[in-house]
Amino acid sequence: MMDVVLGWDATAEVIDDWMYKKIAEKFALDPAMQEWMREVNPYALQNILDKLLEAISRGMWNADPDMENELREAYLEMEGEIEGLTE
């Protein structure tokens, strides 16, 4: 999902900031969704977080600093969990 969203925005600039924010709130930062994704596919959650942070770093999304920090913390947490899965 996030690969497509990022691709659309990179090529056609059709994704607005509010859309990224809604994706982040629903799929990356919602506690119930995080718990479910950790159980069924932690790699998908890591990918969503990674792509949202990429959108910020590429200037495609002007996220507020609190949102960016929350995404970074969630990404680092997921990265640690995934490392634990591969050991």
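Between the residues Ala44, Leu85, Trp8, the greatest Cα displacement towards the positive end of the dipole of segment 2-86, with unit charges on the Cβ of Lys, Arg, Asp and Glu, is found for Trp8.
Between Glu39 and Glu54, the contour length at 0.36 nm per residue exceeds the alpha carbon distance by 3.0 nm. The long axis of helix 65-86 is offset from the longest Cα principal axis of the chain by roughly 40 degrees. For the chain, the fraction of C-alpha pairs farther apart than 17 angstrom is 43 percent. For helix 42-57, what angle does its Cα long axis make with the longest principal axis of the chain, in degrees from 0 to 90 and rounded to 10? Helix 42-57 sits at roughly 30 degrees to that axis.
Sorting Glu77, Glu83 by the number of Cβ atoms found within 10 Å of their own Cβ, with the fewest placed first, yields Glu83, Glu77. A Förster distance of 25 Å, applied to the separation of the beta-carbon atoms of Asp66 and Thr11, puts the FRET efficiency at 0.30. Spacing of the modelled spin labels on Glu73 and Asp30, each 7 Å from Cα toward Cβ, amounts to 2.0 nm.
Any read-out appearing in this document is the output of simple, stated calculations on the displayed coordinates, not a laboratory observation. Since the structure is predicted, the reported quantities are computational estimates derived from the model, not experimental observations. For neighbour counting, all protein chains shown are included, and Cβ atoms are generated from backbone atoms with ideal geometry for every residue, glycine included.
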